[in-house]
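K.L.:
Please find one structure pasted underneath; my questions will follow.
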Amino acid sequence: MQNYLVRYFSNTAIELGQTLSFDMPDDVKIVVRDFIPQDPQGVPFSYNFLIDATCYSETAEKAIEETRGKVEGVLSLISLSLSTFVEPSVVNMVFDISPGNVDREILQYLPFPYRVGPIRKFDRDVFSILWSCLEASNPENRSRIHRAIRWYRKTLLEYDPFDQFLNLWIGLEVVNELVKRKYGLPYEKPTRNCPCCGKSVVLEPTLAGVEYVVVELSKYSQKTWRSVLDMRHPLAHGFGKIADLDRRVDDLIPVLRKSLLIGILDLLNVPENLRSRIIREPLGHIPKPYLKVQSVLYDLPLEDIISGKSNPRFELVNSNITTKRTKKGLKLQLTDLKVELRGCQVECSPPLFEVAYPMDPEDPSADIKLSVK
């Protein structure tokens, strides 16, 4: 097990004016401090947090997994204390700070300059299907259907998987009553009976409509439905370990996304043979691409890092972007980058580069070719 420092960055409108330190469970330590750049006149133009989280882990990637939830918890509490926004944190760097090591792994995420991104063209025929079905629907149902559509749309804007899950779940709860009404499903179920006569004295609304959409309309198994409920309860009601939920939520988001979309289309009475044109792989809010740089720094003492004598980091010192469009409309970007190691006087292994770039999952022509000179 190595001792890693994971450095996060978050934009905010809060000025701490001090350094905050936290001892967290699982031997994780978190330090939050200001990062406030200024213009030439000395006026701050951006308020940000730098967050250092240290932990013991097997790999740099696992160190991120083990610290991210705890960092978000601390930032959420700071946000709550002032009712001021703090954006979700972004990993900037992972660094090996194990005592006794002289060769230290560094993993860094740098902004990747780009101009060409994924896009989908408007399909008037598909839109007309939805519009005409909505116009023909029961006016009493339209308000709920509109709200469900907005929750679906909101999910495509979210980065955080927990927020995506909850938005989709709320959308399904919005259509729950309409589905129960359409298919004659039970509206309530007894939860407490009279000890004397056995008659039901306490009833509560059912999730029969949501279950019908997931299992019957979307063709998922009862086991999958139970997994959805097992995720929904701790997320919505605040129990369960964040790390455990983090590992499971990504597998269930596609289930809820497809189910909510099918539920909406079913309530709109979109013909079965036309639904496949609308049920597509989502193109969500496009995150900023980044360049992942990984290397080993040779003969770098821990004392130099702790004292501040060394602040090792890779920096993007130069970039040149050229773009063109082919006769077939294909957009191309060529980016020349120069990355240098700064902040320390040591040698490093040849850096490994990897680009994480947003793509349309339905666009087979999208490709990234990385050439390192």
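K.L.:
Show the residue pairs that are 6+ apart or on different chains and have beta-carbon atoms under 6 Å apart, the first residue being within region 168-188 and of a type in the set (Lys, Arg), the second being surrounded by fewer than 23 Cβ atoms within 10 Å (Cβ to Cβ).
P.N.:
Between residues of region 168-188 that are of a type in the set (Lys, Arg) and residues that are surrounded by fewer than 23 Cβ atoms within 10 Å (Cβ to Cβ), the close pairs are Lys180/Tyr187; Lys180/Ala208.
K.L.:
Considering only region 202-257, how many residues are surrounded by 17 or more Cβ atoms within 10 Å (Cβ to Cβ) and of a type in the set (Asp, Glu)?
P.N.:
Summing the residues that are surrounded by 17 or more Cβ atoms within 10 Å (Cβ to Cβ) and of a type in the set (Asp, Glu) in region 202-257 gives 1.
Matching residues to (1) touching an Asp or Glu at 6+ places or on another chain (Cβ under 9 Å); (2) closer than 27 Å to Thr59 by Cβ:
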position: His233; (1), (2): no, no
position: Leu256; (1), (2): no, no
position: Arg277; (1), (2): yes, no
position: Leu283; (1), (2): yes, no
position: Pro289; (1), (2): no, yes
position: Ser310; (1), (2): yes, yes
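K.L.:
If you don't mind, another one. Can you list residue pairs whose Cβ atoms sit under 9 Å apart, with the first residue in region 109-123 being among the acidic types (Asp, Glu) and the second being part of a loop (DSSP other than H, G, I, E, B)? Count only pairs 6 or more apart in sequence or on different chains.
P.N.:
Asp123/Arg277
K.L.:
Hey, another quick one. Please work out which one of (1) modelled with pLDDT of 90 or more; (2) outside the structural domain of Arg232 (by TED's automatic domain parsing) is the condition Leu110 fails and give its number.
P.N.:
(1)
K.L.:
Quick test for you: out of Ser128, Ser76, Ser132, Ser137, pick the one residue that is small (Gly, Ala, Ser) and closer than 19 Å to Gly238 by Cα.
P.N.:
Ser76
K.L.:
Right, next: Are there any strands (runs of 3 or more DSSP E) wholly within region 1-88 with 1 or more residues that are among the polar types (S, T, N, Q), and if so which?
P.N.:
Output list reads 2-12, 20-24, 47-57.
K.L.:
Take the residues of region 280-339 that are in contact with a strand residue (DSSP E or B) (Cβ under 7 Å, 6 or more places away or on another chain) and acidic (Asp, Glu): which is farthest from Asp363 (Cα to Cα)?
P.N.:
Filtering first and then ranking leaves Glu315.
K.L.:
So which pairs qualify, if the first residue must be in region 126-139 and in contact (Cβ under 8 Å) with a residue 12 or more places away in the chain, the second must be surrounded by fewer than 11 Cβ atoms within 10 Å (Cβ to Cβ), the Cβ gap must be under 6 Å, and the two must be at least 6 apart or on different chains?
P.N.:
none
K.L.:
All but one of (1) crowded, with 16+ Cβ neighbours inside 10 Å; (2) of a type in the set (D, E, K, R); (3) out of contact with any strand residue (DSSP E or B) (no Cβ under 6 Å at 6 or more places or on another chain) hold for Glu66; which doesn't?
P.N.:
Condition (3) is where Glu66 drops out.
K.L.:
Read through the list (1) touching a strand residue (DSSP E or B) at 6+ places or on another chain (Cβ under 8 Å); (2) in a helix (DSSP H, G or I); (3) of a type in the set (Ser, Thr, Tyr), then give the number of the only condition that Ser128 fails.
P.N.:
Only one criterion in (1) touching a strand residue (DSSP E or B) at 6+ places or on another chain (Cβ under 8 Å); (2) in a helix (DSSP H, G or I); (3) of a type in the set (Ser, Thr, Tyr) is unmet by Ser128, namely (1).
K.L.:
Could we say that Asp23 is exposed (fewer than 10 other Cβ atoms within 10 Å of the Cβ) and without any contact (Cβ under 8 Å) to a residue 60 or more places away in the chain here?
P.N.:
Yes, satisfied.
K.L.:
Right, here's the next one. Return the residues of region 56-95 that are out of contact with any helix residue (DSSP H, G or I) (no Cβ under 9 Å at 6 or more places or on another chain) and of a type in the set (Asp, Glu); say none if nothing qualifies.
P.N.:
Passing the criteria: Glu58, Glu61.
K.L.:
Next question, about the same structure. Let me spell it out: the conditions are (1) surrounded by 15 or more Cβ atoms within 10 Å (Cβ to Cβ); (2) among the hydrophobic types (A, V, I, L, M, F, W, C); (3) at pLDDT 95 or above, and Ala13 meets all of them except one. Which number is the exception?
P.N.:
(1)
K.L.:
Another question, then. Do we find a residue being touching a Ser or Thr at 6+ places or on another chain (Cβ under 6 Å) and within 26 Å of Tyr298 (Cα to Cα) anywhere in region 61-83?
P.N.:
Yes, region 61-83 contains at least one residue that is touching a Ser or Thr at 6+ places or on another chain (Cβ under 6 Å) and within 26 Å of Tyr298 (Cα to Cα).
K.L.:
Restricting region 280-302 to residues that are at pLDDT below 85 and surrounded by fewer than 16 Cβ atoms within 10 Å (Cβ to Cβ), which is farthest from Val175 (Cα to Cα)?
P.N.:
Across region 280-302, the extreme among qualifying residues is Lys288.
K.L.:
Then there is this: Residues that are farther than 30 Å from Val126 by Cα and either among the hydrophobic types (A, V, I, L, M, F, W, C) or at pLDDT 95 or above (or both): which helices (runs of 4 or more DSSP H) entirely in region 193-279 hold 3 or more of them?
P.N.:
The qualifying helices (runs of 4 or more DSSP H) are 222-237, 242-267.
K.L.:
Let me ask another. So, Arg275, is that one surrounded by 13 or more Cβ atoms within 10 Å (Cβ to Cβ) and free of Cβ contacts under 8 Å to residues at least 40 places away in the same chain or not?
P.N.:
It is true that Arg275 is surrounded by 13 or more Cβ atoms within 10 Å (Cβ to Cβ) and free of Cβ contacts under 8 Å to residues at least 40 places away in the same chain.
The values are calculated or read from the model by the stated rules, or taken from the named source; none is laboratory data. Quick caveat: nothing in here was measured; it's all calculated off a predicted structure. Virtual Cβ from ideal backbone geometry, glycine too; neighbours counted across all protein chains shown.
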